[in-house]
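> First the structure, then my questions, so here it is.
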Amino acid sequence: MTDRPERPAGVVGIIARSCSRHRWLVLAVWLVAFVPAVQHIREGGARYAQEVAPTGSESARAMDGVARASPGGRLPDVETIVVRARRGTVDGGRARERITALVAEIGRLPGVTLVADPAGPIGAATAGVDPISADRRTALVSVLMEDGALAPDLGAVRGVLEAARAYDGPEIQVEMAGPGATMIGSADLSPAPLAVAAFAVIVLLGVTLRSRLAVVVCVLPAAVCAVMAVAVTARLSETTQLTPFAPVTAAVLAFGMCLGGAVVAVHRTQSALLSGQNRVQAAALAATASGSAVVVGGLGVTLALLVTAALLPSTFGALTLASAAATMISVLALLTLLPALLAAGGVRLLGWAERHYLAMAGAGLARRPGLRSWWAAQVGRYPALVAIAVGVLLMALANQTDGLRVGGGDAGTDPTSMTTRRAYDLVSDGFFPGLNGPVLLAVDRGVPTTPAERIMQPDAVAAAVRGTPGVWSADVSLDDPARGPAVIRVLPVAGPRSPEASDLVRRLRDEVLPATLGGTVTTAAVGGPTAMFDDAAEDFRSTLPLFLAVVLLTVGLAVYVVARSPVLSVLLGAAAVLGVLTSAGVLRVLFQDVDAARRLSVMTSPVEPFVLVPVMVAVFGLAPVMHLILFTRLREGSSVEAPRPGSGRGEALRGAARLLARRRDGARPDPIRDGRDAIRRGHADLGHVVLTMNFVMMFAFLAIAAQPPRTLKMLGCGLAVGVAVDAVLIRAAILPAAVHLGQRWATDRAARGRQGTAAGGKAAGGKAAGGSGGGAGTGTSPDSKDSKDSKGSGGASGGKIAGGSGAPLVR
């Protein structure tokens, strides 16, 4: 009898088969959707803003007060040009001429509202101190931009930066710092690491898939998903406050999830083509095989991200909304676009030698698994040992989060190749480090309701703050009762990322201001860079347990839907939580250890929450879908008598043939060995393909880690370690070991059930034999001929019953 081709079943199978048959229509629909997305990105309508402070925190109230008191009702974007005379002073000579020319040129640039000459009357008012250092060699030029500090006009700021840096020469050194300059520096990418990563990705995919067209089919939908995710994020930024890391996180999730599913589907399509399936059948079967895992994992991640956005709006907020949209785009592409591309590729997805052998022989040669088969065999032979050893290692890595300092860095931690770092050093050396991060107090006078209530004037508050240890100066910089609160600029002695600056913020909040404002209707809120990062760190620490609980429940429930095993669900959910913690713990090792930070050309510093959150969200979002894809393949064919839905008929028939051959040779069936071999074959067949996606993403993240900005180094290192741990420890070891242990446990339970049934059958057989003999002896007279016949027939009957009961046990 001929083996008829399998037809994909279920809704996912129907979608995959329809998209494979109508592939050109599907590709045309995706093209129509892709073009407007690209156009929206090119128009540049996105408005990303660095999050100021957690919603509802004291620093958020302070910065809201500063915005109300400022002209235009928003935080002003003040960029600072730092000029250092290489010889002499900035008061005269060639240096003074260059500074005058620089101020005049900057003032004529578009997007610039005001330029404060350090020698002019408004220089001290804008800088907060004398804009010329005590040694007269360093000067500060304040540039007030038209847009706000949260969403600066990067084009205008870039024009100011380029014009200012053009004056750097033998007479003066010119550097620049400020909100816009920091954002530009954070996005300044070096092309060399990106080119190396792209080459490594192409080589890795080519070695795995052995076909140039197969590589294109994998990369193309992933790139489409990444672009559309960025477009959706840009659209969200017009109505919701999103950080500059939001499009990066969304693109990483969309690209990684779609690439992982595509690599697996291409590999399955190649296997189906080699077995004799046509292009439509092969594409539909390949997409269906992992489609349920994609749907369950993708919907689970999306729901988890939406729940996180609802429960933790201050920490994760709109970032999780953008990530949820990216996840759904990836799921849609894997269900529709990928089957169409697979069917369009057909046999050209195979390598040249495989295509020619398939054309001549009608079927392809089997691929030898090699080293991965050895590793799969070791995991199958010692699953408990592998699970325990890797689990201990994973817990040790996750434990590195103990002692992680969460807070804020500053430009002083950036590499010296960046102009913001050089400006920070010039200000620290020429003036004092605290000038790089002032503390802002928003003072609300209040309205008395009784004659006994009194108002504290801002000048009195500034005088009380000025006497606090660790304060360099404190002065009222904005005070217009018609606008609202007054603003006091406090310049600390220590730099913004130092523990001394954080201690000053706590002292002002807990001691100085309560003692000063006690008995009055006046209130004050403390803000500024140090206060904002301290509040963000506290908010992150308080919400992290809830986020980890969401990770545990999402991964656990997704695995349970597919596996129906509570133990396996808890195990993989706990492993996912440890993987997320490991991605954060490695940042402590790399950026808070002096020797490691020196090798990365950065200074030790706290880790910003706006870096930790994208790392954790991306590592979590990439895990469930790939876990379920590999898990589904490991469970295929593990039971010949009752194959699981989605398992291939050819694999089931080959398993049955091996079982019949062992019985023909006189060997007893061994369910444990049969299940272990089936899982090992699935692990060897697909394990390396699933890991390919992780290594591709790791190369991309290492390219980000090789960039100059410290925040990009943190982001890249956290993501690279997260996907590496997820690949090497969880998917290559813990997941297959857990499946082996689950299969052994199920087999042992079934064997105990069969033994109980067999024991009951044996007892019933003995009772039936005794009853038959008794009937023969008493049914007739013992001395008659009929009596002998009855005894003989009765004994035979009893023996027959006993034999019927005992035959299965003997066999």
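> Applying 1/(1 + (r/R0)^6) with R0 = 22 Å to the Cβ-Cβ distance of ALA33 and LEU303, what FRET efficiency is obtained, to the nearest 0.05? All intermediate terms of the calculation are to be shown ahead of the outcome.
Working: r = 24 Å, r/R0 = 1.08.
So, using R0 = 22 Å, E works out to roughly 0.40.
> A further question follows. In square angstrom, what is the accessible area per residue of segment 233-289 with a 1.4 angstrom probe?
Values: 1470 Å² over 57 residues.
Per-residue accessible area for segment 233-289 comes out at 26 Å².
> At 1.4 Å probe size, put ILE329, ILE172 in order of accessible surface, largest to smallest. Walk me through the numbers on the way to the answer.
Details: ILE329 25, ILE172 0 Å².
The most accessible residue leads, giving ILE329, ILE172.
> What accessible area, in Å² to the nearest ten, does a 1.4 Å probe give for ARG355?
80 Å²
> While we're here: In whole percent, how big is the carbon plus sulfur part of the accessible area of segment 62-187, probe 1.4 Å, protein atoms only?
On the way: 2840 of 5170 Å².
Carbon plus sulfur share of accessible area: 55 percent.
> Which of the listed residues, ALA163, GLY123, SER133, is farthest toward the dipole's positive end in segment 87-178, when Lys, Arg count +1 and Asp, Glu count -1 at the beta-carbon?
The listed residue farthest towards the positive side: SER133.
> Over segment 539-616, average the accessible area per residue using a 1.4 Å probe and give it in Å², no decimals.
Working: 2990 Å² over 78 residues.
That works out to 38 Å² per residue.
> Spin-label point model (7 Å from Cα, Cβ direction): what's the MET360 to ALA463 distance in nm?
Going by the 7 Å Cα→Cβ label model, 10.0 nm.
> Oh, and also: With a 1.4 Å probe and all protein chains kept in place, how do TRP30, TRP745, TRP375 rank by accessible area, largest first? Don't skip to the answer; put the middle values down first.
On the way: TRP30 30, TRP745 145, TRP375 95 Å².
Accessible-area ranking of TRP30, TRP745, TRP375, largest first: TRP745, TRP375, TRP30.
> Stretched out fully, how many nm does the piece from ALA482 to VAL207 gain, at 0.36 nm a residue minus the Cα gap? List each step's numbers first, then the result.
Details: separation 275, 0.36 × 275 = 99.00 nm, distance 6.95 nm.
Stretched out fully, the ALA482 to VAL207 stretch lengthens by 92.1 nm.
> I need the semi-axes of the equivalent ellipsoid of segment 214-253: take the C-alpha gyration tensor, multiply each eigenvalue by 5, square-root it, list largest first in whole angstrom. Kindly include the intermediate steps, with their values, before the conclusion.
Values: eigenvalues 118, 17, 4 Å².
Here the semi-axes work out to 24, 9, 4 Å.
> With the other protein chains left in place, how much accessible area per residue, in square angstrom, belongs to segment 409-458 at a 1.4 angstrom probe?
Values: 2040 Å² over 50 residues.
The answer is 41 Å² per residue.
> Could you tell me, in Å, what Rg and Dmax come out for the Cα atoms of segment 180-248?
Cα radius of gyration and Dmax of segment 180-248 are 16.0, 46 Å respectively.
> For a protection proxy built on the mean count of beta-carbon atoms within 10 angstrom, sort 501-508, 576-583 highest first, please.
Values: 501-508: 20.6, 576-583: 26.0.
So the peptides 501-508, 576-583, ranked by packing, come out 576-583, 501-508.
> Turning to a different aspect of this structure: With all protein chains present, how much of the accessible area of segment 233-356 (probe radius 1.4 Å) comes from carbon and sulfur, to the nearest whole percent? Don't skip to the answer; put the middle values down first.
Working: 2380 of 3470 Å².
After summing per-atom areas, the C and S share lands at 69 percent.
> Once you put a point 7 Å from the Cα of ALA310 and another 7 Å from the Cα of THR113, both along the Cβ direction, what distance in nm separates them?
Modelled inter-label distance: 4.0 nm.
> Another question, if that's okay. Carbon and sulfur atoms: what percent of the 1.4 Å accessible area of segment 443-531 do they account for?
54 percent
> Then there is this: Treating only the Cα positions of segment 29-136 as identical point scatterers, give the base-10 log of I(q)/I(0) from the Debye formula at each q in 0.10, 0.15, 0.21, 0.22 Å⁻¹.
-0.54, -0.87, -1.14, -1.19
> On each of the three principal axes of the Cα atoms of segment 244-343, give max minus min coordinate, whole Å, ordered largest first.
That works out to 55, 23, 15 Å along the principal axes.
> So, one more: If R₀ is 30 angstrom, what is the calculated FRET efficiency for the pair LEU393 and ALA746, using the beta carbon separation as r and rounding to 0.05? Walk me through the numbers before you get to the answer.
On the way: r = 27 Å, r/R0 = 0.91.
For R0 = 30 Å, the calculated efficiency reads 0.65.
> I've got another one for you. If you project the alpha carbons of segment 438-559 onto their three principal axes, what span does each projection cover, largest first, in Å?
Result, largest extent first: 65, 37, 25 Å.
> Now for a separate question. For GLY178, which sequence-distant residues (separation of 5 or more, or a different chain) have an amide H within less than 5 Å of its own amide H, given hydrogens modelled in the peptide plane?
When sequence neighbours closer than 5 places are left aside, the close amide H contacts are THR80.
> Sticking with this structure for a sec: To the nearest 0.05, how large is the calculated FRET efficiency for TYR382 and GLU146 if R₀ is 51 Å and r is the Cβ-Cβ distance?
0.15
The values are calculated or read from the model by the stated rules, or taken from the named source; none is laboratory data. In this text the structure is predicted, and so the values were computed from the model without any measurement. Neighbour counts run over all protein chains shown; Cβ positions are idealised from the backbone, glycine included. Please note that ligands, DNA and RNA were not included when accessible areas were found on the heavy atoms of the full protein model with its side chains. Shrake-Rupley method; radii C 1.70, N 1.55, O 1.52, S 1.80 Å.
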